[in-house]
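Take a look at the structure below.
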Amino acid sequence: MSLDYGNLCSVILKQYFGEVVQIVGDCLFVANWRTLYNLVKTTNLTKREVCKALAVLCKYHLVSFRASNFNPSVAEYLLNRDEVLYVVRYARYVHRMQMEYGNIGSFICEEILHNGSQTGTNLMLKYLADANEKEKIETVRDIFVRMIRANYLIRLPKLVQGERSETVAVPKLHIDVDDLFNPPNIDLSLLAKIRTGTILLCHAGDSDTLWQINFSRFHQDFRDSIMIGAIERKMGSSAAECFQYILKQMYERTDPWQRVKDNLQQISNPFTVAEIKQMLLKNSKNFDLMTNLEQYITLIADDSLGFIRKIGEMGSGQYVVDLSQAFEELTLCCIENIITERFGSKASRIFRVVRMKKYIEQEDLQKEAMIPAKEAKLLSYNLFQEQFLQIKSIRKPGGGGAAAKAFFLFHLKHLQIVTMLLDICYKALYNDITRSNYEKVEHKRLIDKSQKLDSIVATMEERGESEDYIAEILETLTPPEREILEKVKNRIKILSKAELTIDDNIFLLQMYIHHCSHLPTATSVAK
C-alpha cells in the first residue's frame, strides 16, 4: 500500500473513531501482524488504551486476529486496510437500501453500520420503537429476510465451542458456507412478548446470531450501475434495461467476482437471447424492448465498449459478458477525461492515437493526431513526464562501421497509469477530508450556535410562539455571522460532493485492477 493510502486511512480512523484508534491503526498499517505487546511498545500508549482501540476496530471488522505461529496463546492483529475506505461509503450503502427497500431497509443498514453487527430481533425491536408510523411487525421481518436472501446481510461466524486448553487462549471463529445467508427463524409471538416486557431479550431465538453488511454485494450493485449507466448514456434507457437483465442472467451461473486467470480474458458463462426473452416476459413491462430484443442485444454487442460479444447461434444467439473489456474501456475513457481536464483536448487526442497504434514514433504521432509538430512534441512529452505515456527505445545495429540507430516509440502501460491515478485520488480524498475537518473545527462555535438556534426555533414553533418573538431570537445571529456561516456551509457542501466524486473514481479504478490485472484488489469478497 502507498503512503497516500496510509495517510487516507489514518485521517478516516481519526475522524470516525478518535485519536487513540488512529494511532493503533497507523501502527498496524505499516506491519502485517502485530501482537498486543508489540502495539503497546510501539505506540507508547497504555495497555488499556490499546485494548480499547483494538476492541473498537474488531467491532467494526477493521481488524482481524489469529493465534501467533510462535506462541498459540498469544493473539496477532492485522488491519484490514481495504475495509477502512469502506467507512467513507457508509452513506452510499444506506442510500442503496433506501432505494431498494425503503425506510425499513435504510434503517436496518444504518443500524448495523453504526453498531458493527446486530441480531435480527434487536433490529426489529429498535425499528418498531423508533418508527413514527406504526409498521406491522411482519413487514419489518419480511424486509429483513429479503435483505439476507439478496445477500446484502451476511451472518457472522460463531465462537468454536471445543475443549479448553491451557496453552490456547485465542478464540476461534467458524461458520459453514451454507449458513452465511440462511435467514434466522424469528418467532413473532415471542417478539411481541419481548416488546411488552413479558420475557427478556436474551430469550430470543436468534440472540447468538449476529449479522453484518456484506460489502461485496453492495459493490456488485455499484459496479453494475456503472456499466448500465454507460449504456444508458450511449444507447438509451431500453438498451440499459436490456443489459440489466443480461447481468441478472449472468449472475445465475457465473461468480460475480471471478478474477483473471492465466492471462485469459475474464468472461461470463454463455447466455442465450431466448433466456433473456423469458426473463423479460416475466419481469418487464417495456413493450419496445420485448419487441426489439435481438436488435438491442446486437447493438450492445457491436458497440465499441465491448461489454458483450457473440460466440454462437444457439438459442437465437449465444453471448458472453466480458468484464475485462468493459472495465478496460470505461477506465480508459476516465483517463482520457482526466487528460482533457489537465492538458486539453489535443493531449487527449494524442493519448487516443497512442492507444490505437500501441507503439508509435514522435513524427508519426503528430501526423496521425493532426497537430503541429512543435505542439505535438510539447504535449507528448508533458504526458510522458506525468507518466501517462511511456517511451521504449529500440536500437538497430549499424553496418560497415556506422553508428547504431535508435528508435523511440511511445506506448501505454495501462496498469501503471491506473496505479498512479489511484494514488492521486487517495491524496485528493485525504486533502478533501482534512480541509472539511479544518472548516468544521475553525468555525465550530458558529456552527454550534446556529444549530442551537435552529433547535430553539423548532421548539418555539411547536409551542405556537409568535413570529415576532421567533424573529427576535433569530436576530441573536448577526448578519456578518450569517454571511460567514453561509460561506462555510457552501464550502463544506462542495467538499462533500468532491468526496463522493473522488470515491466514484477510486471505485472505477479498483474495478479495473480487479478485473484486468493479477494485482490484489481493494474490493473484498465474502467467502
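The values are calculated or read from the model by the stated rules, or taken from the named source; none is laboratory data. On a predicted model such as this, the values are computed, not experimentally measured, just so you know. We place every Cβ from the backbone using ideal geometry, glycine too, and count neighbours over all the protein chains shown. All accessible areas refer to the heavy atoms of the entire protein, side chains included, with ligands and DNA or RNA removed. Shrake-Rupley method; radii C 1.70, N 1.55, O 1.52, S 1.80 Å.
From the set of residues in segment 79-99 that are more than 20 Å from Glu111 (Cα to Cα) and in contact with a helix residue (DSSP H, G or I) (Cβ under 7 Å, 6 or more places away or on another chain), which is modelled with the lowest pLDDT?
My answer is Arg81.
Kindly indicate which of Ile335, Ile308, Ile276 is free of Cβ contacts under 8 Å to residues at least 60 places away in the same chain and aliphatic (A, V, I, L, M).
Ile276
In the list Asn69, Asn80, Asn122, which residue meets the criterion of being out of contact with any Leu (no Cβ under 6 Å at 6 or more places or on another chain), within 27 Å of Pro183 (Cβ to Cβ) and not small (Gly, Ala, Ser)?
The unique qualifying residue is Asn122.
When you go through (1) charged (D, E, K, R); (2) over 29 Å from Glu329 (Cα atoms); (3) open to solvent by 40 Å² or more (accessible area, probe 1.4 Å) one by one for Glu481, which number turns out not to apply?
Every listed condition holds for Glu481 apart from (3).
Counting just the residues of segment 361-396 that are buried (at least 21 other Cβ atoms within 10 Å of the Cβ) and not in a helix (DSSP H, G or I), which one comes out farthest from the chain's Cα centre (by Cα)?
Among residues in segment 361-396 that are buried (at least 21 other Cβ atoms within 10 Å of the Cβ) and not in a helix (DSSP H, G or I), the one farthest from the chain's Cα centre (by Cα) is Leu389.
Yes or no: segment 301-309 includes at least one residue that is over 27 Å from Ile502 (Cα atoms), out of contact with any Phe, Trp or Tyr (no Cβ under 8 Å at 6 or more places or on another chain) and not in a loop (DSSP other than H, G, I, E, B).
Yes, there is a match, as at least one residue in segment 301-309 is over 27 Å from Ile502 (Cα atoms), out of contact with any Phe, Trp or Tyr (no Cβ under 8 Å at 6 or more places or on another chain) and not in a loop (DSSP other than H, G, I, E, B).
Conditions first: (1) at pLDDT 85 or above; (2) open to solvent by less than 70 Å² (accessible area, probe 1.4 Å); (3) more than 26 Å from Gly116 (Cβ to Cβ). Ala192 passes all but one, so which condition is the exception?
(1)
Consider only pairs whose beta carbons are under 8 Å apart and that are at least six residues apart or on different chains; among these, list those whose first residue lies in segment 279-292 and is assigned by the TED database to the domain that holds Glu241 and whose second residue is open to solvent by less than 30 Å² (accessible area, probe 1.4 Å) and at pLDDT below 85.
Note: pairs meeting the criteria are Met290/Ser284.
Of (1) in the same structural domain as Arg342 (by the TED database); (2) within 30 Å of Phe327 (Cα to Cα); (3) open to solvent by less than 70 Å² (accessible area, probe 1.4 Å), Tyr426 satisfies all except one. Which?
Tyr426 satisfies every listed condition except (1).
When Tyr296 is evaluated against the numbered criteria (1) open to solvent by less than 50 Å² (accessible area, probe 1.4 Å); (2) outside the structural domain of Met370 (by the TED database); (3) among the hydroxyl-bearing types (Ser, Thr, Tyr); (4) without any contact (Cβ under 8 Å) to a residue 24 or more places away in the chain, which criterion, by number, is the only one it fails?
So Tyr296 meets the others, but not (4).
Helices (runs of 4 or more DSSP H) wholly in segment 1-81 with at least 2 residues that are outside the structural domain of Ile506 (by the TED database) and of a type in the set (Ser, Thr, Tyr) - which ones?
Of the helices (runs of 4 or more DSSP H) lying wholly inside segment 1-81, those with at least 2 residues that are outside the structural domain of Ile506 (by the TED database) and of a type in the set (Ser, Thr, Tyr) span 3-17, 36-43.
Does Gly105 fit the bill of being at pLDDT 90 or above and surrounded by fewer than 19 Cβ atoms within 10 Å (Cβ to Cβ)?
On the way: at pLDDT 90 or above: yes; surrounded by fewer than 19 Cβ atoms within 10 Å (Cβ to Cβ): no.
When the stated conditions are applied, Gly105 does not pass them.
List the pairs whose first member sits in segment 79-93 and is within 13 Å of Ser216 (Cβ to Cβ), whose second member is among the aromatic types (Phe, Trp, Tyr) and open to solvent by less than 40 Å² (accessible area, probe 1.4 Å), and whose Cβ atoms are under 7 Å apart, counting only residues at least 6 apart or on separate chains?
Between residues of segment 79-93 that are within 13 Å of Ser216 (Cβ to Cβ) and residues that are among the aromatic types (Phe, Trp, Tyr) and open to solvent by less than 40 Å² (accessible area, probe 1.4 Å), the close pairs are Tyr86/Phe215; Tyr93/Phe218.
On the given criteria, is Val488 surrounded by 14 or more Cβ atoms within 10 Å (Cβ to Cβ), more than 31 Å from the chain's Cα centre (by Cα) and of a type in the set (Val, Ile, Thr)? Break it down stepwise before answering.
Working: surrounded by 14 or more Cβ atoms within 10 Å (Cβ to Cβ): yes; more than 31 Å from the chain's Cα centre (by Cα): no; of a type in the set (Val, Ile, Thr): yes.
Taking the combined requirement at face value, the residue does not satisfy it.
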